[in-house]
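Derivation of every value follows stated rules applied to the coordinates shown; laboratory data play no part. If you're wondering where the values come from, they're calculated on a predicted model, not measured in any experiment. Neighbour counts are summed over all protein chains in view; Cβ atoms, including those assigned to glycine, are modelled from backbone coordinates with ideal geometry.
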Amino acid sequence: MPQSTDSNYDALVEQYAEIVTDRLAEDPKALYEFTRETLVDYYENMTEKDLIGHVAEMGDEELIEEIYGNYPPRDIEGQYSLKKGESIVL
């Protein structure tokens, strides 16, 4: 791909992002919704362990305790696993 095409693409990205940002700045409700959706998408792509670590680093340990109690998972790598003899069938 020629450099000028890359430069044009980069300019389009930057300038359009500026336009969208300006529009969002004019509408606080839209800004809130966009920010919330973006953060949810970002956090959903983290492993559970990484998200818990991030929340703790941000100083919101009480949220972890509120949701998980005193024993948040520490070894989960984004996958829930059953211990030998456990079942998800009720």
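Once you have a ≥ b ≥ c as the square roots of the Cα gyration tensor eigenvalues for region 3-68, tell me rounded if a/c is under 1.5, and otherwise prolate or oblate according to whether a/b is larger than b/c. Spell out each step's value before the answer.
Working: a/c = 3.97, a/b = 1.89, b/c = 2.10.
Oblate shape, in that a/c is at least 1.5 and b/c is the bigger or equal ratio.
By how many nm would the segment from residue 47 to residue 16 grow when fully extended, if each residue of separation counts as 0.36 nm and the alpha-carbon distance is taken off? Walk me through the intermediate numbers first.
Details: separation 31, 0.36 × 31 = 11.16 nm, distance 3.13 nm.
Computed gain between residue 47 and residue 16 is 8.0 nm.
Using a 10 Å cut-off around each Cβ, can you sort 61, 18 from fewest to most neighbouring Cβ atoms? Let's see the in-between values first.
Numbers: 61 13, 18 10.
Lowest to highest Cβ neighbour count: 18, 61.
Please compute the modelled spin-label separation between residue 7 and residue 25, points set 7 Å along Cα→Cβ, answer in nm with one decimal.
Label at residue 25, label at residue 7, 2.7 nm between them.
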